[in-house]
Amino acid sequence: MEIEGTLVGRVTHPVRLVDLSATGCLLRCEALLEPGVILDLGVTLGGQPFAAKARVVDSSLDGSEGAAGSLTSLQFLGLAARDEASLRQFLDGERRRRRSADAPAE
């Protein structure tokens with residue numbers, strides 16, 4: 001999964017989500033972010049805008065080849081009903097897509 005988005009605090013950072021769950025996400029960011037900081041995350045999930053207040057749980061230098069910046073984990077801090085529904089719908093669709101991709105061909 002790679003979804004483009006932004007993290008907004010004092011500074012706006014472009015980010016790329018690499019993993020997503022109902023409670024948070026893992027993303028790549030150009031900056032090393034301070035744990036505990038609360039930021040606004042904005043992305044588009046399945047064509048729907050998604051916004052969340054999120055707390056930085058951990059941020060470390062990204063050691064993957066050719067990567068610059070950090071891998072950062074965020075915890076969502078209460079989602080608006082619309083955003084929670086959008087996230088749930090997106091995650092359900094991803095689960096179904098992965099199951100069908102893993103199914104043996106007949």
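If residue 23 meets every condition in (1) free of Cβ contacts under 8 Å to residues at least 12 places away in the same chain; (2) in contact with a Phe, Trp or Tyr (Cβ under 7 Å, 6 or more places away or on another chain) apart from one, which number is that one?
(1)
Go through (1) of a type outside the set (Lys, Arg); (2) at positive phi; (3) touching a residue at least 12 places away in the same chain (Cβ under 8 Å) one by one and return the number of the condition residue 45 breaks.
(2)
Provide a single number: the residues in the range 26-42 that are surrounded by 12 or more Cβ atoms within 10 Å (Cβ to Cβ) and either of a type in the set (Gly, Ala, Ser) or touching a residue at least 60 places away in the same chain (Cβ under 8 Å) (or both).
Residues meeting the conditions: 2.
Read-outs: derived from the displayed coordinates by stated rules, not from any lab. No experiment lies behind these values; they were computed from the predicted model shown. Cβ sites come from the backbone with ideal geometry, for glycine too, and all protein chains shown count toward neighbours.
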